[in-house]
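This is the structure I want to talk about, given as structure tokens.
The values are calculated or read from the model by the stated rules, or taken from the named source; none is laboratory data. Everything quoted here is computed from the prediction, not taken from an experiment. Please note: Cβ atoms are built from the backbone with ideal geometry, for glycine as well, and neighbour counts cover all protein chains shown. The area values use the complete protein model at the heavy-atom level, side chains included, leaving out ligands, DNA and RNA. Shrake-Rupley method; radii C 1.70, N 1.55, O 1.52, S 1.80 Å.
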Amino acid sequence: MGWTGKLVGALLGYVLTRRPMGVLLGMIIGHFWDQYFAGRSAGPRADIAAVRRTFFRAAFSIMGHVAKADGRVSEQDIAAARGIFRQFGLGEDDTRAAMEFYTRGKQAEFDADALLAELAAACRGREQVLRMFLEIQMRAALMGDGLEGVTRQVLTRIAASLGIGALEFAHLEALLRYQAGASPTFRIFQW
């Protein structure tokens with residue numbers, strides 16, 4: 001989100017009132033200005049049905065891709081995927097489709113970057129959906145073989161391609177480890 005409107009609003013508030021309350025009011029008006037133009041420049045948003053379809057396909061394809069990142073898909077990875085299927089409450093047909101997407105994601109020719117770009121475009125203006133997507137991927141990795149080595153590298157690349165930074169990634173990891181009962185491992189700074 002921009003800062004130009006806030007800065008101009010604060011300056012105008014100061015020039016017009018010469019009081020802190022005027023600066024604050026100017027910043028608030030500038031904030032709404034920034035939000036308005038950020039929403040307009042983001043382009044049209046995809047309809048919710050398209051977001052759901054893309055999210056579903058991407059969630060399970062990328063999950064398979066992450067599971068295969070270390071070279072093989074273990075029984076723990078498969079059990080983790082099944083656990084996620086149950087958490088979603090998928091019916092028989094959706095479970096079958098999710099398994100097909102998971103299998104496609106494990107293939108060597110799978111283009112994760114293209115699918116992530118499609119997901120990011122479909123979810124433009126819906127950053128919470130992208131965060132939820134990353135949380136699902138991280139949860140599956142933690143339930144599977146863990147979030148170490150190549151798996152961590154793949155997940156940080158996924159996060160970056162969705163516009164999620166390293167600090168937010170570390171926060172989400174710590175939260176998921178805490179929820180799972182494991183002690184969080186902080187990797188923000190590498191000494």
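Using a 10 angstrom cutoff on alpha carbons, build the Gaussian network for the chain and name the most mobile of L142, L175, L130.
L175
Here's something else I'd like to know. Would you please give the residues with an amide H less than 5 Å from that of D145, counting only those at least 5 places away or on a separate chain, with H modeled from the backbone geometry?
For D145, the qualifying residues are D77.
Report, in deg cm²/dmol and to the nearest 500, the calculated mean residue ellipticity at 222 nm for the chain, where each DSSP H run with n ≥ 4 adds -39500 (n - 2.57) and the sum is divided by the residue count.
That comes out to -24500 deg cm²/dmol.
Of the candidates V150, V51, V15, which one comes out as most mobile in a Gaussian network treatment of the chain with C-alpha springs shorter than 10 Å?
Top of the fluctuation ranking is V15.
Taking Cα atoms, how many degrees apart are the long axis of helix 149-161 and the longest axis of the chain, rounded to 10 and kept between 0 and 90?
It works out to around 40 degrees.
At a 1.4 Å probe radius, carbon and sulfur cover how many percent of the accessible area of the chain?
In the chain, the share of accessible area belonging to carbon and sulfur is 61 percent.
Looking only at R139, R19, R104, which one moves most when the chain is put into a Gaussian network model with springs between Cα atoms under 10 Å?
R19
Among residues other than F88 whose Cβ falls under 14 Å from its Cβ, what is the net charge (Lys/Arg +1, Asp/Glu -1)?
+2
Helix 20-41 versus the longest principal axis of the chain: what is the Cα-based angle in degrees, 0 to 90, to the nearest 10?
Orientation of helix 20-41: about 50 degrees from the principal axis.
Residue by residue, what Karplus-based ³J(HN,Hα) values in Hz, rounded to whole numbers, does the range 103-116 have, using 6.51, -1.76 and 1.60 with θ = phi - 60° and x for Gly and Pro?
5, 4, x, 7, 6, 5, 8, 4, 9, 5, 4, 5, 5, 5
Also, quick follow-up: For helix 166-180, report the angle its Cα long axis makes with the longest principal axis of the Cα atoms of the chain; keep it between 0 and 90° and round to the nearest 10°.
Computed tilt is about 50 degrees.
Using unit Cβ charges (K, R positive; D, E negative) and no other charged atoms, how large, in debye to the nearest 20, is the dipole of the chain about its Cα centre?
Computed about the Cα centre, the dipole is about 660 debye.
Which Cα, out of F110, L130, V150, lies furthest along the positive dipole direction of the range 36-152 (beta carbon charges, K/R +1, D/E -1)?
Highest projection toward the positive end goes to L130.
In a shell of Cβ-Cβ distance under 14 Å around I158, excluding I158 itself, what net charge do Lys and Arg (+1) and Asp and Glu (-1) give?
Residues near I158 contribute -1 overall.
So, one more: Provide, as a two-decimal number, the C-alpha radius of gyration of the range 1-156 over 2.2 N^0.38 Å, N being how many residues it has.
For the range 1-156, the normalised Cα radius of gyration comes out at 1.43.
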